[in-house]
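The structure appears below as structure tokens.
The values are calculated or read from the model by the stated rules, or taken from the named source; none is laboratory data. In this text, all values refer to a predicted model and were calculated from it rather than measured experimentally. Virtual Cβ from ideal backbone geometry, glycine too; neighbours counted across all protein chains shown.
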Amino acid sequence: MNNTIKLSMYFSCLLAFAASVCAVGNSYAQTDSDQLARAIHKELVGIDTTTATGDTLAAAQAMARRLLAAGFHQSDVQVLSPAPRKGNLVARLHGLGKRKPVLLMAHLDVVPAKREDWNTDPFKLVEKDGYLYGRGTMDDKFMASVWVATMIRYRQEGYVPDRDLILVLETDEEILDENELGIRWLIKNHRNLIDAEFAINEGGNVNVRNNKVLSNSVQTSEKVSFSFSLEVKNKGGHSSMPAKDNAIYHLAEGLVRLGHFSFPVDLNETTRAYFAKTAALETGQLATDMAAVAAPVPDPAAAERLSTTPLFNAQLRTTCVATMLEGGQAVNALPQSARAKVNCRMLPTEKVADIEATLNRVLDDAQISVKLISKPTLSAPSSLTPELLNAISSTGKTFWPNAPVIPYMSTGATDGAALRNAGIATYGHSGMALDIDDLRMHGNNERVSASAFSDGREYLYRLVKVLSSKN
């Protein structure tokens, strides 16, 4: 290959994804496997699977047709629908049965997207300037498309793993499966179909900043999400004769106290490793503070400085934040009630009752009633086993040779919590390279780099082969 061609490839890669995740001469685009995955991705993005109004059943059926057309037996491809427009897909590639299966997971549903807020049609895959635009391109139809394409590729190759590989595409993840029509329904009603040693799920990305690949992350745990309703009731009255005892003031003053409060620093095995390993990638005061926080006894001053960054603050402690507010019934009447909702993201080692007690103490007002309004799913972190860590490290070196593997705790929530709670270890690990300063999941103009799509697809294909090869 001459220098002119090399230079052309180099600049094409930069234009496709300004993050140095594509190596010269190491592109996996334009292959038959890549074209298949792109076609599946296009089909999935084109199906509106918005949780409240879309159709995940149609998406599950479309993916089932793909698998059946590739030669999977009807008995190994099941579309399970617990309610109208709700679909879950479970498909199995049989292996030698030497070890328990591996689950390849992704969710089909997406959050809403308004056409007027986007530069492109959110439910039509559009490739522009080296990016693939559309709702779900990142969260989570990238992994859904890749897993379907990977299963088909294995089938076409005649690959026989030493353990079964089970594809699970579920519904309602974006609302934490609150109606139990997705992963919880599968666990409760079809555990035999999805029982496995561990699962690979969304959540851990290849992190890029300032055109540099920083790390290949693995989500081993996640915070527990639940919410409280706060309410103050009052007899009210005419606004021309205001009293100091005002429902809105009571609630507002309590929320201000909550806004100034921080839960104590409480590191676990995953978050301590996260700060220790990330410190080696940083410089200056930030690196010093991360190392000091990762020490057996975290340095309070270092923790205070790190807490000014929301990302690091969320790794250090439980958080509770007001997200909704309403009150009063007329502009000329004293409010008879004021209400707020507070969303908490609790460390997996803590207790809901303790968080509620802390909220009552911080609000410091007997007139503010606090009521738990969502059902938390508690789950212990998954241990990062040597087998998985070695497979990720060895496979990743081909794609991102200088990126260390870093465990982390997700501050968001995925279906992994339900699986961990059911005794199936779950690891968030997508192989998708993302600029950490331009994360658009759940936002407008969601997109994934075309080169990151191709590299992530090939990476996951190879990783699963390593994890399921004959011993």
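Residue-by-condition table, conditions (1) surrounded by 18 or more Cβ atoms within 10 Å (Cβ to Cβ); (2) in contact (Cβ under 8 Å) with a residue 40 or more places away in the chain; (3) within 20 Å of L434 (Cα to Cα); (4) not assigned by TED's automatic domain parsing to the domain that holds Y459:
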{"position": "R92", "(1), (2), (3), (4)": "yes, yes, no, no"}
{"position": "K98", "(1), (2), (3), (4)": "no, yes, no, no"}
{"position": "V110", "(1), (2), (3), (4)": "yes, yes, yes, no"}
{"position": "A113", "(1), (2), (3), (4)": "yes, yes, no, no"}
{"position": "D117", "(1), (2), (3), (4)": "no, yes, no, no"}
{"position": "F123", "(1), (2), (3), (4)": "yes, yes, no, no"}
{"position": "Y131", "(1), (2), (3), (4)": "yes, yes, yes, no"}
{"position": "M138", "(1), (2), (3), (4)": "yes, yes, yes, no"}
{"position": "F142", "(1), (2), (3), (4)": "yes, yes, yes, no"}
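Out of the residues in the range 73-90 meeting the condition of being assigned to a loop (DSSP other than H, G, I, E, B) and in contact (Cβ under 8 Å) with a residue 24 or more places away in the chain, tell me which one is farthest from I152 (Cα to Cα).
Applying the first criterion (assigned to a loop (DSSP other than H, G, I, E, B)) to the range 73-90 yields 73, 84-85.
If we keep only those that are in contact (Cβ under 8 Å) with a residue 24 or more places away in the chain as well, we get 84-85.
On the way: P84: 28, R85: 25 Å.
If we take residues in the range 73-90 being assigned to a loop (DSSP other than H, G, I, E, B) and in contact (Cβ under 8 Å) with a residue 24 or more places away in the chain, then P84 is farthest from I152 (Cα to Cα).
Return a yes/no flag: does the range 38-51 have any residue that is out of contact with any Leu (no Cβ under 9 Å at 6 or more places or on another chain), of a type in the set (S, T, Y) and over 20 Å from L125 (Cβ atoms). Full working, then the answer.
To start, the set of residues in the range 38-51 that are out of contact with any Leu (no Cβ under 9 Å at 6 or more places or on another chain) comprises 39-40, 48, 50-51.
Filter again for of a type in the set (S, T, Y), leaving 50-51.
Subset that is over 20 Å from L125 (Cβ atoms): none.
No: the range 38-51 contains no residue that is out of contact with any Leu (no Cβ under 9 Å at 6 or more places or on another chain), of a type in the set (S, T, Y) and over 20 Å from L125 (Cβ atoms).
Go through (1) under 30 Å from H238 (Cα atoms); (2) in contact with a Ser or Thr (Cβ under 8 Å, 6 or more places away or on another chain) and name the single condition P335 misses.
The number of the failed condition is (2).
List the number of the failed condition for K6; all other conditions in (1) at pLDDT 95 or above; (2) surrounded by fewer than 16 Cβ atoms within 10 Å (Cβ to Cβ); (3) more than 16 Å from T150 (Cα to Cα); (4) of a type in the set (K, R) hold.
Among (1) at pLDDT 95 or above; (2) surrounded by fewer than 16 Cβ atoms within 10 Å (Cβ to Cβ); (3) more than 16 Å from T150 (Cα to Cα); (4) of a type in the set (K, R), the lone unmet condition for K6 is (1).
Name the residues in the range 256-270 that are at pLDDT 95 or above and among the polar types (S, T, N, Q), would you?
The answer is S262, and nothing else.
Do we find a residue being more than 20 Å from V256 (Cα to Cα) and either crowded, with 17+ Cβ neighbours inside 10 Å or under 24 Å from the mean Cα position of the chain (by Cα) (or both) anywhere in the range 317-329? Quick ask: steps written out before the conclusion?
Step one: list which residues in the range 317-329 are more than 20 Å from V256 (Cα to Cα), which gives 329.
Add one more test, that the residue is either crowded, with 17+ Cβ neighbours inside 10 Å or under 24 Å from the mean Cα position of the chain (by Cα) (or both), and what stays is none.
No - not one qualifying residue is present in the range 317-329.
Which of the residues spanning the range 151-181 are surrounded by 20 or more Cβ atoms within 10 Å (Cβ to Cβ), aliphatic (A, V, I, L, M) and at pLDDT 95 or above?
Of everything in the range 151-181, those that are surrounded by 20 or more Cβ atoms within 10 Å (Cβ to Cβ), aliphatic (A, V, I, L, M) and at pLDDT 95 or above turn out to be M151, I152, L165, I166, L167, V168, L169, L181.
May I ask you to list the residues in the range 199-218 that are at pLDDT 95 or above and touching a His at 6+ places or on another chain (Cβ under 7 Å)?
Within the range 199-218, I200, V218 qualify.
So is A380 more than 16 Å from L467 (Cα to Cα), touching a residue at least 12 places away in the same chain (Cβ under 8 Å) and hydrophobic (A, V, I, L, M, F, W, C) or not?
On the way: more than 16 Å from L467 (Cα to Cα): yes; touching a residue at least 12 places away in the same chain (Cβ under 8 Å): yes; hydrophobic (A, V, I, L, M, F, W, C): yes.
Judged against the criteria, A380 is a match.
Would you please list the contacts, defined by Cβ atoms under 6 Å and residues six or more apart or on different chains, that run from a residue in the range 319-338 that is in contact (Cβ under 8 Å) with a residue 12 or more places away in the chain and closer than 30 Å to S307 by Cβ to a residue that is assigned to a strand (DSSP E or B) and small (G, A, S)?
Hits for this filter: A322/A340; L325/A340; A338/G327.
Find the residue count for the range 287-299, including only residues that are in a helix (DSSP H, G or I) and either without any contact (Cβ under 8 Å) to a residue 12 or more places away in the chain or loosely packed, with under 12 Cβ neighbours inside 10 Å (or both). Even if it seems obvious, please write down each step before you answer.
Step one: list which residues in the range 287-299 are in a helix (DSSP H, G or I), which gives 287-293.
Within this subset, residues satisfying the condition of being either without any contact (Cβ under 8 Å) to a residue 12 or more places away in the chain or loosely packed, with under 12 Cβ neighbours inside 10 Å (or both) are 287, 292.
Total meeting the criteria: 2.
Does A39 meet the test of being assigned by TED's automatic domain parsing to the domain that holds A196, without any contact (Cβ under 8 Å) to a residue 24 or more places away in the chain and either crowded, with 17+ Cβ neighbours inside 10 Å or within 24 Å of the chain's Cα centre (by Cα) (or both)?
Working: assigned by TED's automatic domain parsing to the domain that holds A196: yes; without any contact (Cβ under 8 Å) to a residue 24 or more places away in the chain: yes; either crowded, with 17+ Cβ neighbours inside 10 Å or within 24 Å of the chain's Cα centre (by Cα) (or both): yes.
Answer is yes for this residue.
Do you know which residues across the range 32-80 are among the acidic types (D, E) and in contact with a Gly (Cβ under 6 Å, 6 or more places away or on another chain)?
Taking the range 32-80 first, the residues among the acidic types (D, E) are 32, 34, 43, 48, 55, 76.
Answer for the range 32-80, where residues must be among the acidic types (D, E) and in contact with a Gly (Cβ under 6 Å, 6 or more places away or on another chain): just D48.
Go over the candidates S382, S394, S337 one by one and state the one that is surrounded by fewer than 17 Cβ atoms within 10 Å (Cβ to Cβ), hydroxyl-bearing (S, T, Y) and not assigned by TED's automatic domain parsing to the domain that holds G237.
On the way: S382 fails: surrounded by fewer than 17 Cβ atoms within 10 Å (Cβ to Cβ); S337 fails: not assigned by TED's automatic domain parsing to the domain that holds G237.
Sole residue among the options that is surrounded by fewer than 17 Cβ atoms within 10 Å (Cβ to Cβ), hydroxyl-bearing (S, T, Y) and not assigned by TED's automatic domain parsing to the domain that holds G237: S394.
Scan the range 64-72 and give yes if some residue there is touching a residue at least 60 places away in the same chain (Cβ under 8 Å) and part of a helix (DSSP H, G or I), otherwise no. Give the derivation first.
Restricting attention to the range 64-72, the residues satisfying the condition of being touching a residue at least 60 places away in the same chain (Cβ under 8 Å) are 66-67, 70-72.
Imposing the further condition that a residue be part of a helix (DSSP H, G or I) reduces the set to 66-67.
Yes.
From the residues in the range 52-63 that are in contact with a strand residue (DSSP E or B) (Cβ under 9 Å, 6 or more places away or on another chain) and either part of a helix (DSSP H, G or I) or modelled with pLDDT under 95 (or both), which one is nearest to H442 (Cα to Cα)? If you could, list the steps in order and put the result at the bottom.
Within the range 52-63, the subset in contact with a strand residue (DSSP E or B) (Cβ under 9 Å, 6 or more places away or on another chain) is 54-61, 63.
Filter again for either part of a helix (DSSP H, G or I) or modelled with pLDDT under 95 (or both), leaving 56-61, 63.
Details: T56: 17, L57: 21, A58: 22, A59: 19, A60: 21, Q61: 24, M63: 23 Å.
For the range 52-63, the residue satisfying everything is T56.
Going through S393, S369 one at a time, which residue ends up being in contact with a strand residue (DSSP E or B) (Cβ under 8 Å, 6 or more places away or on another chain) and free of Cβ contacts under 8 Å to residues at least 60 places away in the same chain?
On the way: S369 fails: free of Cβ contacts under 8 Å to residues at least 60 places away in the same chain.
The match here is S393.
Kindly check whether there is at least one residue in the range 182-190 that is small (G, A, S), surrounded by fewer than 17 Cβ atoms within 10 Å (Cβ to Cβ) and within 25 Å of M346 (Cβ to Cβ). Let's see the steps before the verdict.
In the first step, residues of the range 182-190 are kept if they are small (G, A, S); the result is 182.
Now narrow it down to the ones that are surrounded by fewer than 17 Cβ atoms within 10 Å (Cβ to Cβ): none.
Checked the range 182-190: no residue is small (G, A, S), surrounded by fewer than 17 Cβ atoms within 10 Å (Cβ to Cβ) and within 25 Å of M346 (Cβ to Cβ).
Among V45, V21, which is surrounded by 23 or more Cβ atoms within 10 Å (Cβ to Cβ), at pLDDT below 95 and within 26 Å of the chain's Cα centre (by Cα)? Before you say what the answer is, go through the steps one by one.
Working: V45 fails: at pLDDT below 95.
Residue meeting the stated conditions: V21.
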